[in-house]
Every structure is written in structure tokens, then in C-alpha cells.
Amino acid sequence: SRLIFVSLHCTGLTLTSPRRPNRPVLDKEDGQLVLKVYLQNKHGIKEKKELPGWIKVPVSYTGCKHQYRVRAKYKGGDSAVSLSATQIPGQYDTEDLTSVMGFNPMKPNITWLHQNTFRVEWTTPKKWQFSDDLVLVVEFGQVGDWNESRVEFSDSDDDGVIRLNIDTDGKFLKIKILDVDYNFSKESPLSNLHYIKEMTKQRESRKMTHQKHFLKHKVVERKNSKSKERIRHHLIKYFKSL
């Protein structure tokens, strides 16, 4: 595979910490393969005065596996490089890049933080990353009694991941995608929030138990060989519980 860079020359103010460009997205428009990158207001590009917005660069489809990155060059000589987009042979031959209908999203990654607060993370498909036309709908609660939060794809982080915190004492969570024509994708499988919370509590409890045993044997019988073996045993269990 080959790595190809597309350079953007930024004419804005010199930044103390150059902003990393968003990951570019490969798309197909009117039969032409294009590389798109979503630019923020902090990128001053001569050819693009209305920011935030997309810049599109036509690329050739060669049938080879290519990786594309965007390098932003700032005044003063600083530069920052994006994550890569990969062109895989045949990936656009049959793929529908226009409609969410029929798309089946995978479960998001969910982390219990504290009380009834959960961290939800979901990676947007590369073909739709940073799109202004798509929204992630996160539904949570009970079957038949759902609350929801919505996040636009264009508000995802630089790595294309949508991250949000939700507060709920409901049992389930699921996601789906909404487009500008109010078409919905299929729903993801249900995630059991009560199970995630309970499993996290059990891991934390095991971690604390092994940590207490480790400290007990270390302080009370430092020179005892049996105690050293117990310390080693609890250390192994402690690190496995992390």
C-alpha cells in the first residue's frame, strides 16, 4: 500500500498548538472518487472562506490500496497530520453511500462512570464521518418508555468517534441513525445498562480486595517467605482485575 499526503496551507494566525485536521473521508460523487476533509474555523484556507465546511479533492481510483492523510501547514513552519483514510480495492463497487435505510449499527461502547451516569462512545462509519446530514440518536430507558439524546456526525471528535455522557436509571440503551429526510437506520441490539454497572462494581470490588490483601501481607510479614508468595498471588489477581 502507498501513503499519500494532501497538504493544506493555513493562512490564519500562528497557533501555539497546531490543530490536527479531521480524518479525511473517501466518497463517490457522480462516479468520481473524492477525498473530503471537514475543516474547522481555526483553519484559514485561501480557497475556503466559509468555515466550518468541507474541502473536496478528486482522486484517482487505481484498484490499489492507498492511504490518504491531510497535513495542515501553519504560518511559522508548524504542521499537523490527520489520521488516515484507506482506499481498499472494490470498496465502492457495491456499497450504498447515500442512504442510511437498511444500515444496521453495532452496539456502542458503554462505560459506567458513577451513580446513574454512563459514557457512550460510537465510531461513525468512515463513509459518513463528519457528515452534516446525519445524526446519531441514542435512546435509553425501558422498553416502551424511551428518552433520547442526539448528536450530529459533524460534532464527532477528530478520530470520528461520537462521545457523550447520559444520566439514566433505565435498564436499556440502543442507537440508530437519522438522515435529513427523516429516514432511520435499523436499531442496534439492546445494551443492558444495569448489567454493565453491576459488572463494573464487581471488578472494582475485586480490585480493592486484592489491593487490601497485598498491603496486609506486605506490612505485617515482610520477611516471611509465605507472605511473599501471598503478595505475589494477590498482585497477579489485582492486575488481572484491572
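The values are calculated or read from the model by the stated rules, or taken from the named source; none is laboratory data. Quick caveat, the model's predicted, so the values are computed rather than measured. A quick note on method: Cβ atoms are made from the backbone with ideal geometry, for glycine too, and the neighbour counts reach across all protein chains shown. Protein only, heavy atoms only, side chains kept; ligands, DNA and RNA dropped before computing areas. Shrake-Rupley method; radii C 1.70, N 1.55, O 1.52, S 1.80 Å.
A few remarks follow.
- Of the residues Ile175, Ile55, the one with the largest accessible area comes first in the ranking Ile55, Ile175, computed with a 1.4 Å probe on protein heavy atoms.
- Take 125-136, 197-208 and order them by the average number of nearby Cβ atoms within 10 Å per residue, most first; the result is 125-136, 197-208.
- FRET efficiency for Thr117 and Asp158, using Cβ-Cβ distance with R0 set to 35 Å, rounded to 0.05: 0.90
- The residues of the stretch 114-211 expose on average 52 square angstrom of accessible surface per residue, using a 1.4 Å probe on protein heavy atoms.
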